[in-house]
Amino acid sequence: MKVTFYSIMYLLVSNISIVACFLPILFVLWKRLREQKPFIIIGVYWMASGLINLPSILGIPESNSLQSTINLVYNNLIDGPLVLLFFLYSAQKSKKKVISYSLIFFIFFELIVILIKGFNTNASTIIIAVDIFTALTFSIAGIADYLSKLEHTSFENALVFINSALLFAYGVFIILYFFSFLGFATSKSETDEVFLIYYISMILSSILTCYGLWRFARQKPMFKDISFEHYSMK
């Protein structure tokens, strides 16, 4: 196999992106933010994204039966509910009911699609489309809610960066969805280019998430009287 600058850059960026996915959960543990459930969930979310892509560092092909099964489990069952759990625990009390219903609906939707289409990539293609729409909707709603206020807590200041990271990540994932899942890519090089953009978005999104967590950790001593429980009762 011919080694080119592009192939080296692709390998480097993909590996860095996978490592970057573990930074949010490590930051949560390092800064002792475990009392904030939304931060734990978003850390687990990014860690899961890293783990699902980890085999590529180890040289395990996607065609591997075990890797293929893991991808199906993650895409069909885990990704959507996990990000909805984050929105649920980070939402104000007035919004929790809508997100709770959305989570329940999404889980039933996953099961129905799998029963009809089977546990395969056809089911993943349908589920991921709804997953993207749901994540984009709630992340935009979270950012809009933040911008509608003049004063914010340290939790809200952190949350707007995490929502922005999710908005960016899922926004870029739309490109990957069209080219990879819907088969718009006409060649392997085109697919690789799309995946390179996807990996770069993972790096930037995980860094943006860490920045939000850092802002909360930095302001935490100044807001000892402001807890997530207090915020959720608004």
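What follows draws every value from the coordinates through simple rules; no lab data is involved. All values reported here derive from a predicted model rather than from experimental measurement. FYI the Cβ positions are ideal-geometry reconstructions off the backbone, even for glycines, and counts take in every protein chain you see.
Got the relative contact order for the range 5-232 handy, in percent, Cα pairs under 8 Å and 6 or more residues apart?
Result for the range 5-232 is 26 percent.
Given Val73, Ala141, Asn157, which one lies farthest toward the positive end of the charge dipole of the chain, if we put +1 on the Cβ of every Lys and Arg and -1 on the Cβ of every Asp and Glu?
Asn157
Have a look at Leu29, Ser206, Asn120 and report the one farthest towards the positive end of the charge dipole of the chain, computed about the Cα centre with Cβ charges (Lys/Arg +1, Asp/Glu -1).
Checking the options against the dipole of the chain, the answer is Leu29.
Can you give the helix-only mean residue ellipticity at 222 nm for the chain, where every DSSP H stretch with n ≥ 4 adds -39500 (n - 2.57) and the sum goes over all residues, rounded to the nearest 500 deg cm²/dmol?
-26000 deg cm²/dmol
Past 31 Å, Cα to Cα, is the threshold; run Lys37/Lys117; Lys31/Lys95; Lys31/Lys149 against it and keep the listed order.
From the list (Lys37/Lys117; Lys31/Lys95; Lys31/Lys149), the Cα-Cα distance tops 31 Å for Lys37/Lys117.
Evaluate the charge dipole of the range 5-232 about its Cα centre and quote only its size in Debye, nearest 20, assuming +1 on the Cβ of each Lys and Arg and -1 on the Cβ of each Asp and Glu.
740 debye
Among Phe108, Ile8, Pro55, flag the residue with its Cα farthest along the positive direction of the charge dipole of the range 7-127, charges on Cβ as +1 for Lys/Arg and -1 for Asp/Glu.
Value computed over the given set: Phe108.
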